[in-house]
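**Q** Here it is: the structure, laid out below.
The values are calculated or read from the model by the stated rules, or taken from the named source; none is laboratory data. Because the structure is a prediction, the values reported are computed rather than measured. Cβ placement follows ideal geometry from the backbone for every residue including glycine, while neighbour counts extend to all protein chains displayed. Calculation scope for accessible area: heavy atoms of the full protein, side chains included, ligands and nucleic acids excluded. Shrake-Rupley method; radii C 1.70, N 1.55, O 1.52, S 1.80 Å.
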Amino acid sequence: MRTPARGYSARRKWLGLNPAAITAIVIVMAFAGLWATRVIDPIAYFSGPHEPSHKGMVAIPVSAVPIPAYTKITRDHLWDAKKGTFAVTYLPPGLATPEVIRNINAIFGRVMDHDKPPNYAFTEADFLPPGTKPGLVAGIPAGKRAMRVPVDKIPGLVGLLPGDRFDLVSTLPIDGSGGGAIAGGGLYGKQLELQARLTNWQKQATVRVIVQSGDVVQPMTTRQVPVANNSLTNGLIVRTKPVQEVVIAVAPGEVAHLTEALAVGAEISCVPRSGRPDDPRDSITPESSPWSPYGGTVQRPSSSGEATGSATGAPGSFGAGFTQIETIAGNKREIVAAPVKK
């Protein structure tokens, strides 16, 4: 009787196994191979994630949530609710610059100078000077006054950011309903009338720079303003309408000029200034005064109380070139123009 070979017997035993058992053996062998080659680590997997070692690193406090500008820093702005601790980031000693604040107590109670996104470190440039009150008043530069201006009154303010500087120019056309007639006859009456026609006197406008180097405190925001309507059938109904506004800061002497321009319905143009550091802050935007056929330009007081314009005549006169004199001859009265000696 012939005895089967040893290899043949082993193959028969292997083929005789259950397919599920063969699959399990293959999976175990593959898992053992990955473990032996350190591709996977089942002990670390089942024990959960471990915090990496921060030995030799520097802990830097960071913002845990977005912090709006002019906000006073509290614990909630630095507390990471998911981890149950203060939000920090770890940096090598070589990357932690001296400007970065490392002591968290030096951050509490300070007022932000600008918006702060989360997970960013703090420096002294992020804060306003110590003692600044939080809120909108924190953004008003020292010595200036803030005004809330509707955007539809000054459209040029749209797009400006906090800290941007600008000038405001008011333009008010001269009323030409008089038809361009010159009140004044006599020897120089025709000359004044000719000058008025050549200069298109009635097609002028009063252009005044009412704000020099203003600042944007708060960019354009939309505020809901209540509006009350009273009717016989429904009674008093209060609705709201959106109003877009910009908060700006101007000099104290410019508050009245800007309020006056808004009250009379003048067209106000916003002239943004350069944001480069070498831009001179004391530069002045010149203005234009209307020309008068009686000589020079019309005087008006400036924001400092001094008269502006090239005319140097007496108060109430049109200028130093000509003046008006009333002549009386019997029952006839006439306004004539006469030159004024300088």
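**Q** If you go through the stretch 16-48 one residue at a time, how many are at pLDDT below 60 and surrounded by fewer than 10 Cβ atoms within 10 Å (Cβ to Cβ)?
**A** 5
**Q** Could you go through the stretch 78-85 and let me know if any residue there is outside any loop (DSSP other than H, G, I, E, B), of a type in the set (S, T, N, Q) and without any contact (Cβ under 8 Å) to a residue 12 or more places away in the chain. Can you show your working first?
**A** Just the residues of the stretch 78-85 that are outside any loop (DSSP other than H, G, I, E, B), to begin with: 79-80, 85.
Next cut, of a type in the set (S, T, N, Q) only: 85.
Retained after the next criterion (residues that are without any contact (Cβ under 8 Å) to a residue 12 or more places away in the chain): 85.
There is at least one residue in the stretch 78-85 that is outside any loop (DSSP other than H, G, I, E, B), of a type in the set (S, T, N, Q) and without any contact (Cβ under 8 Å) to a residue 12 or more places away in the chain.
**Q** When the stretch 150-176 is examined, which residues are found to be closer than 17 Å to residue 209 by Cα and either of a type in the set (Gly, Ala, Ser) or open to solvent by less than 30 Å² (accessible area, probe 1.4 Å) (or both)?
**A** Scanning the stretch 150-176 gives 154, 156, 157, 165, 166, 167, 168, 169, 170.
**Q** Pairs, please: C-beta under 6 Å, at least 6 apart or cross-chain, first residue open to solvent by 50 Å² or more (accessible area, probe 1.4 Å) and in the stretch 50-73, second part of a loop (DSSP other than H, G, I, E, B)?
**A** 65/118; 66/117; 66/118; 68/115; 72/134
**Q** Ok, one more. Please find, within the stretch 206-229, the residue that is nearest to residue 262 (Cα to Cα) out of those that are exposed (fewer than 14 other Cβ atoms within 10 Å of the Cβ) and of a type in the set (A, V, I, L, M, F, W, C).
**A** 225
**Q** Pull up the stretch 230-266, narrow it to residues that are in a strand (DSSP E or B) and open to solvent by 50 Å² or more (accessible area, probe 1.4 Å), then point me to the one that is nearest to residue 174 (Cα to Cα).
**A** Per the stated criteria, the residue is 244.
**Q** Output the residues belonging to the stretch 272-297 that are at pLDDT 85 or above and open to solvent by less than 60 Å² (accessible area, probe 1.4 Å).
**A** Residues satisfying the conditions are 273, 274, 279, 283, 285.
**Q** Looking at residue 137, is it under 30 Å from residue 269 (Cα atoms), in contact with an Asp or Glu (Cβ under 8 Å, 6 or more places away or on another chain) and not in a loop (DSSP other than H, G, I, E, B)?
**A** Taking the combined requirement at face value, the residue does not satisfy it.
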